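Working notes, structure below.
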Amino acid sequence: MTLDIKFYLSIFWRRFHYFAVVAALIGAIGVSIASVLPSEYSATATLLIENPDIPPDMLNTPTQGSAAQQVTLITQRLTTRASLIDQATELGIYRDRIGMDPDLIVADMRRRLGITRRDNRVLVSFRSGTAQQAADVANHFAAIVEREAIELRRGSASNTLEFFREEVARLNQELGIQRARVLDYRMQNRDRLPESLEFRRNRMRALQTQIEQSVRDEAALEQRRADLVALYEATGRVSDEPTPTEQELARAQQEMENALRLYSAQNPRVRVVQARVQELEQAVAQERAEMAGGVEEQFNERLAEIEAEIAAQGELRAEAEAEMAELQQSIDETTVTVIRLQEMERELGYVQSQHNSIASQLARAEMGERIELLSRGTRISMLEQATVPRAPTSPNRPLISMMGVGGGLVLGMGLVVLLEVLNRSIRRPVEITRRMGITPIATIPMIRSRGQILFRRTIILGALAVALVGVPLTLWALHTFYLPIDLLIDRVLQRTGLAGLLANFQ
């Protein structure tokens, strides 16, 4: 199958009016927009991010933040709706557009204003229809950035310092409470503290020895009582120690026994000794008779004394056993006391460590505040103010015009191709043969009347007039009496949702 160039050229010329109207319409729109769009001048002020005057190893303070974070925060504050409207009103940017929609003002201000960070510089740019206004507004926002950076850092330093002061005061109070709790617990459990555990154990051993000695002493007293009762029942006496008279009698009797070994019973010397023994025996008998009335009373007294001593030993042993029970209980409770005391001391140590850490942070915060007040830290200062631009930076009118004309040509050609693809009618003898299987003898094309030709040309010329004249006039009227064409384009993009789509491709 050969390509019939002549046939396709005839089709193109037959549908040329569609191509011409579309190309003229789109081209006119592009050229009109390029002509109507206001010139924009761009001015840029440069701020310098200066390094701190103090060495970095000495500048480790809680108030130090990165310059990028500061620039981001300041940018967010400046580009809020309220801020942009206030600044636009203050600077009179839209004084010639009274009654302009606030939403459009915010969108236009965000489009015009640019705050970017490059290395150690911050670039503040603004685009405006007049060169002087672009420079003035850029310098105005640059001054705001510089002032906001100072206030931000100083405010951050002051707020940080105030926070740490409040934290130190709170931890001081909590530390005092924890110390009072530990001290009060120690006072209430002073007999159960681990420090006195060895003393209580030694006291336990001493009491055990004391109890054992008391048992032995009580047994000895029991024996004394039994001996006293046996002696009293056997002799009627309360003591087995002889009296002086009985001692003298014993000596006399011994002397008489010695004399009888040497002499006979009739010997005068023996008789003298015997008489002496008899006298002493009578004296002893008389003495015992005299003492018989008080022996029972003396026995009862001695027995009562022994029983009192036995009772005293019992009481002493009972007191020792009671004290041992208390000591054993305190020793058993020492483990619980130690665990609770350790918990309280751990809490105290935790609060103390927090206090020490916050106190260290407070000292650093005070240093940070002094650094910021003296402007010795990282700071943003004006490096170069924006100058009045000599030539507009946008729009690129030739490019927009070329894009409009080129787009019109492409769309016009596309429309012609689309109409040809959708047209399924028979227009050539070869198509009759191919579709119907017959060969025509001759073909006659459609012949329009003069009236039809005039009407068709009138329609085409009217469409071209609308495209070449009406569209530019309409765009000019909209730009002049309704809304600037750039804002109108932004509104259309917002309404159609194409703004977000275009933003994703940027």
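Points to keep in mind about this one:
- When Ile54 is tested against (1) loosely packed, with under 14 Cβ neighbours inside 10 Å; (2) modelled with pLDDT under 70, just one condition goes unmet, and that condition is (1).
- Residue match in the stretch 197-214 (condition: open to solvent by 20 Å² or more (accessible area, probe 1.4 Å), more than 30 Å from Thr335 (Cα to Cα) and either in a helix (DSSP H, G or I) or in contact (Cβ under 8 Å) with a residue 24 or more places away in the chain (or both)): yes
- Only one entry in Ala252, Ala320 is under 60 Å from the mean Cα position of the chain (by Cα), surrounded by 14 or more Cβ atoms within 10 Å (Cβ to Cβ) and at pLDDT 75 or above, namely Ala320.
- Per-region count, the stretch 386-412, residues among the aliphatic types (A, V, I, L, M) and open to solvent by 90 Å² or more (accessible area, probe 1.4 Å): 4
- Counted residues, the stretch 154-196 - those being of a type in the set (S, T, N, Q), within 29 Å of Glu326 (Cα to Cα) and in contact (Cβ under 8 Å) with a residue 40 or more places away in the chain: 1
- Scope the stretch 73-100; condition free of Cβ contacts under 8 Å to residues at least 12 places away in the same chain and of a type in the set (Lys, Arg); matching residues: Arg95
- When we screen Ala169, Ala149 for residues that are over 22 Å from Ser353 (Cβ atoms) and either buried (at least 16 other Cβ atoms within 10 Å of the Cβ) or at pLDDT 80 or above (or both), the only hit is Ala149.
- Scanning the stretch 93-125 for residues that are within 19 Å of Ala82 (Cα to Cα), outside any loop (DSSP other than H, G, I, E, B) and either open to solvent by less than 60 Å² (accessible area, probe 1.4 Å) or of a type in the set (Lys, Arg) (or both) yields Pro102, Leu104, Ile105, Val106, Ala107, Asp108, Met109, Arg110, Arg111, Arg112, Gly114, Ile115.
- Any hit, the stretch 359-375, residues being over 30 Å from Gln133 (Cα atoms), open to solvent by less than 60 Å² (accessible area, probe 1.4 Å), assigned to a helix (DSSP H, G or I) and modelled with pLDDT of 80 or more: yes
The values are calculated or read from the model by the stated rules, or taken from the named source; none is laboratory data. A quick note: this is a predicted structure, and the numbers were derived from the prediction, not measured. Counting neighbours? That spans all protein chains shown, and the Cβs are built from the backbone with ideal geometry, glycine included. Heads up: the accessible areas ignore ligands, DNA and RNA and are worked out on the full protein's heavy atoms, side chains in. Shrake-Rupley method; radii C 1.70, N 1.55, O 1.52, S 1.80 Å.
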